[in-house]
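Everything below concerns the one structure shown next.
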Amino acid sequence: MTDVTDLMKTFPAADDRQVTIANMQEGPFNRWAFRNLRRMLPTGNVWSGDGAVSELSVAPLHLDDIAFVDKEGAMSSVKQMLDEGYTDGFVVLHQGAIAAERYGDGVEAHEPHLLMSVTKSFAGSLTGILVERGLLSPDDLVTDIIPEVAGSAYDGALVRHVLDMTVGLDYSEDYEDPMSDVALLDVAAGWRPAREGAPDNLRAYIATMRKAGDHGEAFHYVSTNTDLLGWILERVSGTDFASLLSREIWQPMGAEFDAYITLDRLGAPQTDGGLCVTTRDLARFGQLHLQNGVMNGRRIIPESWIRDFREIGDAGVWDRGNFAADMPGHHYRAKWYTDLSDPHRPYYGIGIHGQSVFVDPVAGVVCAKHSTHPAPVDGKLFDDMFRAFKAIAHALSD
């Protein structure tokens with residue numbers, strides 16, 4: 001495992017230690033980039049406000065030795081998962097108190113770290129707030145809100161389809177294929193070098209989406225859907241995404257630190273994966289959901305919205321989708337996964353390279369993890385992470 005302190009430490013950095021837009025998502029360079037994105041890209045600040053921080057009491061528990069059977073059938077432990085899982089930050093809350101907290105490779109507790117697609121869960125919950133306010137409905141036609149995407153794959157799609165990843169799209173989300181659709185998304189967002197003929201901003205890119213199949217028939221994971229959702233939220237609220245998130249969730253939740261989100265060259269937020277937060281504040285976000293949308297006695301997220309995404313997801317749509325083979329027994333709704341195979345029915349957000357917030361409502365457990373796996377999708381590292389989370393939750397609920 002490369003020590004992050006060996007990157008970007010001379011002026012200029014040696015060629016093999018220089019982090020750039022071209023290599024920032026590759027190991028080992030991601031170990032520096034994921035905690036320093038605001039030094040590389042334009043960002044929008046998510047202010048934590050000047051109100052009281054939601055304090056987290058500390059009630060340490062020894063979790064390292066909790067055992068589980070790993071993906072390959074061998075015995076493993078929470079400590080082994082953390083040691084082998086390129087852990088940058090790890091916080092476990094039990095009944096609202098910090099049961100465990102750990103940082104790796106020089107990461108400090110106050111440093112925001114990239115969430116990748118856990119960002120989508122923030123966008124989903126923010127949508128629930130605006131739906132309750134009457135600013136939009138899941139049954140609204142996308143093109144009624146964003147007419148700029150008329151003539152694209154989003155013709156006939158509802159906000160519900162965008163929320164649940166059931167838009168009929170011809171799209172390749174292959175993170176390791178430089179010619180895939182998601183690679184072009186990164187170009188548009190400024191996360192990869194510009195490419196001749198490719199859109200150079202997110203909104204122009206969204207309007208190029210190609211239709212395939214019917215809306216609502218099957219789960220098809222497409223990050224661009226959530227960038228469109230961010231555009232919808234900005235359009236209906238008249239507020240930029242960073243300020244909206246600050247006002248509606250980050251400040252009322254009592255976040256300890258400012259967060260930030262990456263922006264394209266025209267100021268559009270990368271709501272599919274560009275949010276950077278501290279691990280403690282990620283855990284607070286999970287705790288907010290564990291408490292059914294209430295923090296410090298204040299209603300923030302509608303309880304009905306949380307109940308809806310936990311209970312109403314369509315397992316049939318999931319089973320017809322492109323994640324069913326690798327993640328059987330789930331459903332996906334409003335940017336959250338729910339594990340139907342576990343009697344606790346935990347729900348979670350997940351991001352490539354090992355990011356997650358995991359909520360077990362039966363055990364009263366939240367697990368928040370920031371990581372920098374070298375590969376975007378490492379089946380064993382991801383699987384072992386969730387096996388460890390579930391082992392922790394079940395151990396603490398006994």
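The values are calculated or read from the model by the stated rules, or taken from the named source; none is laboratory data. Given the structure is predicted, the values throughout are model-derived calculations rather than measurements. Here the Cβ positions follow ideal geometry from the backbone for every residue, glycine too, while neighbour counts run over all protein chains shown.
Quick notes on this one:
- The condition (being part of a loop (DSSP other than H, G, I, E, B) and modelled with pLDDT of 95 or more) is satisfied by just one residue among A194, A204, A183, A188: A194.
- Out of E234, E148, one residue alone is assigned by TED's automatic domain parsing to the domain that holds T338, part of a helix (DSSP H, G or I) and more than 23 Å from E26 (Cβ to Cβ). It is E234.
- Which numbered condition F219 fails, given (1) in a loop (DSSP other than H, G, I, E, B); (2) out of contact with any helix residue (DSSP H, G or I) (no Cβ under 6 Å at 6 or more places or on another chain); (3) of a type in the set (F, W, Y): (2)
- Of the listed requirements (1) of a type outside the set (D, E); (2) assigned to a strand (DSSP E or B); (3) in contact (Cβ under 8 Å) with a residue 60 or more places away in the chain, Y337 misses just one: (3).
- Matching residues in the range 99-139 - criterion: being within 18 Å of T279 (Cβ to Cβ) and without any contact (Cβ under 8 Å) to a residue 40 or more places away in the chain: R102, G104, E108
- Residue, surrounded by the fewest Cβ atoms within 10 Å (Cβ to Cβ), within the range 111-132, restricted to residues that are over 15 Å from the mean Cα position of the chain (by Cα) and either over 29 Å from S237 (Cβ atoms) or among the charged types (D, E, K, R) (or both): E132
- Evaluation of T43 against the conditions (1) in contact with a strand residue (DSSP E or B) (Cβ under 7 Å, 6 or more places away or on another chain); (2) loosely packed, with under 15 Cβ neighbours inside 10 Å; (3) closer than 17 Å to G274 by Cβ shows that the sole unmet condition is (2).
- Condition met for Y348 (under 16 Å from the mean Cα position of the chain (by Cα), assigned to a strand (DSSP E or B) and over 13 Å from K390 (Cβ atoms)): no
- Residue in the range 71-85 that is at pLDDT 95 or above, touching a His at 6+ places or on another chain (Cβ under 9 Å) and not aliphatic (A, V, I, L, M) present: yes
- Among the conditions (1) part of a loop (DSSP other than H, G, I, E, B); (2) closer than 27 Å to D174 by Cα; (3) free of Cβ contacts under 8 Å to residues at least 24 places away in the same chain, the only one that N292 does not satisfy is (2).
- Taken residue by residue, the range 73-80 has no member that is part of a loop (DSSP other than H, G, I, E, B), more than 17 Å from T279 (Cα to Cα) and touching a residue at least 24 places away in the same chain (Cβ under 8 Å).
- Any chance D50 is of a type outside the set (A, V, I, L, M) and within 22 Å of A368 (Cα to Cα): no
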